[in-house]
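The values are calculated or read from the model by the stated rules, or taken from the named source; none is laboratory data. Computed from a predicted model, the values in this text were never measured in an experiment. Positions of Cβ are generated from backbone atoms using ideal geometry, with glycine treated the same way; all protein chains shown enter the neighbour counts. Just the protein is used for accessible areas: all its heavy atoms, side chains included, with ligands, DNA and RNA removed. Shrake-Rupley method; radii C 1.70, N 1.55, O 1.52, S 1.80 Å.
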Amino acid sequence: MKVASSSGGTDVASGFAGSAPTTPVWPGEISAPQLGVALEAWDATGHPVVGSVGELVVTKPMPSMPLYFWNDPDGVRYRDAYFSTYPGVWRHGDWMLTTERNSVVVSGRSDSTLNRNGVRLGSADIYAVVDKLPYFSESLVIGAELGGGGYWLVLFVVLSEGATLTDDLVREAKSAIAAQASPRHVPDDIIAVQALPHTRTGKKLEIPVKRIIQGHPLEKVASPDAVDDYSALTQFTKYRGGLLEGTSD
């Protein structure tokens with residue numbers, strides 16, 4: 001019996017990398033790309049990289065992958081979701097490293113990575129701190145690149161019953177993030193909202209919220225039938241362009 005890891009996506013209803021009977025299992029690595037998957041890590045210029053982290057891409061059609069989205073007759077949302085960064089090449093939105101032996105290390109979402117002045121931190125690192133705070137029942141952190149070189153790092157929170165978002169509470173939350181996650185990734189703003197939107201399977205909609213803040217039309221970022229509470233998503237249109245006091249270079 002062999003213990004092995006794998007990585008895939010609900011988008012493709014399949015896997016990108018996994019184990020194989022002809023490869024060993026290396027700690028912290030996924031042994032090989034799956035059969036039929038032209039899997040590579042690419043840098044920002046669209047060149048494959050080995051030994052350093054890049055974007056997880058699939059350079060040729062897979063046996064299992066979506067061809068279009070519902071209610072997207074012109075294919076704009078489909079192309080924007082997967083092919084806008086590298087035309088004709090599927091970009092999944094994950095960071096990945098390919099080793100010299102062709103094994104794979106997947107290190108989290110690239111679209112939702114918090115990139116403050118070139119220093120990256122995963123949103124999960126923020127949630128690991130915030131989820132322990134008793135006055136928040138749920139949270140959503142967004143790092144949005146804005147026009148003019150601005151960057152807005154914002155934490156949206158749903159308050160626990162009876163809690164009020166006071167200045168003292170905001171300072172306490174920011175101090176906890178600075179001490180336990182990263183002093184570089186303390187939110188510019190912490191904003192209380194009534195509810196947060198999720199996919200039908202319960203995943204937080206970080207990327208659609210980020211795109212709304214960056215000015216993308218609501219109808220282009222998510223279909224109502226794909227969101228558990230569409231009104232929770234529409235509330236973020238008021239934050240297009242960020243808050244003046246929350247943006248920073």
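If you place +1 on the Cβ of every Lys and Arg and -1 on the Cβ of every Asp and Glu, how big does the dipole about the Cα centre of the chain come out, in debye to the nearest 20? Don't jump to the answer; show the numbers that get you there.
Values: 21 positive and 28 negative charges, 92 e Å.
So the dipole magnitude of the chain works out to roughly 440 debye.
Which percent of the accessible area of the range 1-104 is formed by carbon and sulfur heavy atoms (probe 1.4 angstrom)?
Details: 3440 of 5890 Å².
Whole-percent figure for carbon plus sulfur exposure: 58.
Can you give the FRET efficiency for Glu161 and Ala195, using 1/(1 + (r/R0)^6), R0 = 22 Å, r = Cβ-Cβ distance, to the nearest 0.05? Write down the numbers at each step before the final one.
Details: r = 14 Å, r/R0 = 0.62.
Efficiency, from the Cβ-Cβ distance: 0.95.
Stretch Arg240-Ser107 to full length: gain in nm at 0.36 nm per residue minus the Cα-Cα span?
On the way: separation 133, 0.36 × 133 = 47.88 nm, distance 2.91 nm.
Full extension of this stretch gives 45.0 nm more.
With a probe of 1.4 Å, find how much accessible area the chain has per residue, and write the answer as a whole number in Å².
Result: 51 Å² of accessible area for each residue.
Identify, among His198, Gln235, His216, the residue whose Cα sits farthest towards the positive end of the charge dipole of the range 188-239, taking +1 on the Cβ of Lys and Arg and -1 on the Cβ of Asp and Glu, with the dipole about the Cα centre.
His216
Gap in Å between the Cα centre of the range 105-157 and the Cα centre of the range 174-249?
Spelled out, the Cα-based centre of one part sits 9 Å from the other.
Let a ≥ b ≥ c be the square roots of the eigenvalues of the Cα gyration tensor of the range 1-135; is it rounded (a/c under 1.5), or, if not, prolate (a/b larger than b/c) or oblate? Intermediate results must be reported in sequence, preceding the final value.
Details: a/c = 1.45, a/b = 1.02, b/c = 1.43.
Here the range 1-135 falls in the rounded category.
Modelled label-to-label distance, Trp70 and Ala128, 7 Å Cα→beta-carbon offset: nm?
Label at Trp70, label at Ala128, 3.6 nm between them.
Would you mind computing, in nm to one decimal, how far apart the modelled labels at Glu100 and Ile207 are, each placed 7 Å from Cα along Cα→Cβ?
According to this spin-label approximation, the distance is 3.3 nm.
If you roll a 1.4 angstrom probe over the protein chains with everything in place, what fraction of the accessible area of the range 131-203 belongs to carbon and sulfur, to the nearest %? Can you show the working numbers first?
Details: 1730 of 3570 Å².
It is 48 percent, rounded to a whole number.
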